[in-house]
Amino acid sequence: MYNPKSKNAEEFICHEEVLASLEYAEKNKNNLDVVNKILEKARLKKGLTHREAAVLLDCDIPEKVEEIYELAREIKQEYYGNRIVLFAPLYLSNYCVNGCVYCPYHHINKHIPRVKLTQEQIRRETEALQDMGHKRIAIEAGEDPVNNPIEYILDSIKTIYSVKHKNGSIRRVNVNIAATTVENYKKLHDAGIGTYILFQETYNKETYEKLHPTGPKHNYKYHTEAMDRAMEAGIDDVSLGVLFGLELYRYEFSALLMHAEHLEAAYGVGPHAISVPRIKKADDIDPSAFDNGIDDDTFAKITACIRIAVPYSGMIISTRESAECRERLLKLGVSQISGGSKTSVGGYFNPAPEDENSAQFDVSDRRPLDDVIKWLMELGYLPSFCTSCYRQGRTGDRFMEICKSQQIHNFCQPNAVMTLKEYLEDYASDATKAVGEKLLPSEIAKIKDSSIRTKVEENLVKICNGERDFKF
Ligand code: SF4
Ligand code: SF4
């Protein structure tokens with residue numbers, strides 16, 4: 001029985017409800033009355049239910065599809081403006097006891113080099129990331145209670161936060177590790193993490209169990225209820241995602257939105273962010289074995305419909321996708337991207353070609369961060385290294401309240417300007433700096449509150465004089 005308030009995975013991601021939603025969408029996808037009513041509600045920019053969003057996703061009336069894209073662009077602009085937040089993944093260890101058939105870190109893969117960074121190596125990786133200009137990272141590690149116990153993860157977070165190299169610092173560590181206990185989530189919370197990230201991979205239980213034949217991750221219920229345990233432990237910024245391509249995308253789309261509805265219904269806090277990864281080539285996996293790949297157009301439509309359905313959640317796209325694809329999705333709702341990423345363990349400090357063998361997936365956008373920053377600015381975006389919200393106590397329902405009332409922009413814009421200025425001073429190439437310096441005055445002018453604008457201008461002078469880390 002479907003119940004978004006329930007804390008039982010099989011009730012809040014109810015298989016029958018997903019199937020009924022897909023049937024409803026199939027029946028109504030080209031019914032103009034129904035589609036127009038849903039679009040009318042969507043124009044209020046307060047979100048849609050999973051059923052309503054499923055109808056829009058299925059709709060193939062060309063002019064309605066164009067309206068969907070237009071609305072996604074508008075919502076993106078109203079909630080997030082043109083700022084795009086940058087981050088990078090940091091792979092700590094690829095030891096893993098799970099058997100996920102789509103991931104090269106699965107324990108049966110014998111020809112991938114297994115690497116676990118020491119704290120000294122993590123320090124070097126952190127310095128390398130700081131030298132690129134990054135301030136926000138997502139740590140990643142396989143599930144392995146012997147090699148990667150929670151103590152290792154906690155030590156690593158401590159190390160990362162402690163490194164202050166030249167003018168650099170990592171100010172927000174997001175964590176992407178396997179589903180764990182409330183007790184361990186409490187430890188992560190106390191370590192000062194930003195967001196807890198866990199991809200569901202697929203919401204279809206039967207498919208999930210097939211794709212995770214061995215290891216603790218086989219347990220669908222434990223994995224799907226991970227965010228509930230994280231919330232219980234006090235982590236109120238959580239990030240969802242599915243690996244598109246494992247199961248039929250329509251199923252995943254509805255279930256993902258049901259998960260967002262569940263978090264909102266049960267805890268009053270929807271997902272802080274939603275990632276939209278697609279399955280990619282990697283060592284010892286064969287993506288053609290997954291018959292559910294999605295083309296670029298469908299991928300764009302999924303992104304637009306998520307943007308419309310949950311306007312208050314950030315959307316993340318990684319370097320799995322090409323520059324062209326990222327450019328398209330940025331317009332439709334993506335608010336955060338990775339840049340200059342290495343998906344191998346130790347790949348920042350030691351980017352030797354053989355290291356690529358330990359990569360979790362093929363990176364499509366291989367440009368250095370500086371190129372990505374320049375590219376964003378030339379496209380009219382404002383790159384941001386802001387990490388302010390959780391450091392200022394704006395998390396969970398407090399964050400959601402500000403975001404839903406479309407006020408977050410008042411924080412994002414000044415913080416983006418100041419952190420971009422830091423980047424231009426400390427890390428940008430001459431060409432990027434020239435583009436950035438030209439952009440800044442118009443972005444400062446967009447700050448509506450004159451007292452904040454004045455403060456930002458004062459802080460920019462201080463940044464030129466060597467001071468760092470201003471935030472609202
Ligand atoms: Fe391990 Fe995660 Fe890869 Fe699965 S997806 S094999 S849990 S690293
Ligand atoms: Fe993100 Fe908050 Fe910074 Fe805006 S102000 S970019 S929401 S951390």
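Of all the residues in the range 333-369, those that are aliphatic (A, V, I, L, M), modelled with pLDDT under 95 and either within 17 Å of the chain's Cα centre (by Cα) or farther than 24 Å from Cys103 by Cα (or both) number 1.
Does Gln392 meet the test of being within 16 Å of ligand 1 (Cβ to nearest atom) and more than 17 Å from Tyr80 (Cβ to Cβ)? Explain how you work it out, then say what you get.
Working: within 16 Å of ligand 1 (Cβ to nearest atom): no; more than 17 Å from Tyr80 (Cβ to Cβ): yes.
No, not satisfied.
Being away from ligand 2 (no atom under 16 Å from the Cβ), in contact with a Ser or Thr (Cβ under 8 Å, 6 or more places away or on another chain) and under 14 Å from Ala88 (Cα atoms) is a description that applies to Ile160. Ile447 falls short on exactly one of the conditions (1) away from ligand 2 (no atom under 16 Å from the Cβ); (2) not in a helix (DSSP H, G or I), and that condition is (1).
Find the strands (runs of 3 or more DSSP E) located wholly in the range 243-344 whose residues include 1 or more that are surrounded by 23 or more Cβ atoms within 10 Å (Cβ to Cβ) and at positive phi, and list them. Show your work before the answer.
Details: elements: 273-275, 314-317, 336-338.
Strands (runs of 3 or more DSSP E) meeting the threshold: none at all.
Under 30 Å from Met231 (Cα atoms), touching a Cys at 6+ places or on another chain (Cβ under 7 Å), within 16 Å of ligand 2 (Cβ to nearest atom) and assigned to a helix (DSSP H, G or I): is that true of Asn410 in this structure? I'd like the intermediate steps shown before the answer.
Details: under 30 Å from Met231 (Cα atoms): yes; touching a Cys at 6+ places or on another chain (Cβ under 7 Å): no; within 16 Å of ligand 2 (Cβ to nearest atom): yes; assigned to a helix (DSSP H, G or I): yes.
When the stated conditions are applied, Asn410 does not pass them.
Pairing each residue of the range 186-198 that is within 13 Å of Gly393 (Cα to Cα) with any residue that is of a type in the set (Lys, Arg) and crowded, with 22+ Cβ neighbours inside 10 Å, provided the two are 6+ apart or on different chains, yields C-beta distances under 7 Å for Gly194/Arg172.
Residues of the range 199-209 that are at negative phi and either touching a residue at least 12 places away in the same chain (Cβ under 8 Å) or surrounded by 15 or more Cβ atoms within 10 Å (Cβ to Cβ) (or both): Phe199, Gln200, Thr202, Tyr203, Asn204, Lys205, Thr207, Tyr208. Yes or no: Lys221 of a type outside the set (Ser, Thr, Tyr) and not in a loop (DSSP other than H, G, I, E, B)? Yes; evaluated as a whole, the condition is true for this residue. A residue that is surrounded by fewer than 23 Cβ atoms within 10 Å (Cβ to Cβ), polar (S, T, N, Q), touching a residue at least 24 places away in the same chain (Cβ under 8 Å) and more than 16 Å from ligand 2 (Cβ to nearest atom) cannot be found anywhere in the range 380-402.
With respect to Ser405, is the statement that it is among the small types (Gly, Ala, Ser) and exposed (fewer than 15 other Cβ atoms within 10 Å of the Cβ) true?
So Ser405 passes the test.
The values are calculated or read from the model by the stated rules, or taken from the named source; none is laboratory data. Everything quoted here is computed from the prediction, not taken from an experiment. Every residue, glycine as well, gets a Cβ built from its backbone with ideal geometry; the counts of neighbours run over all protein chains shown.
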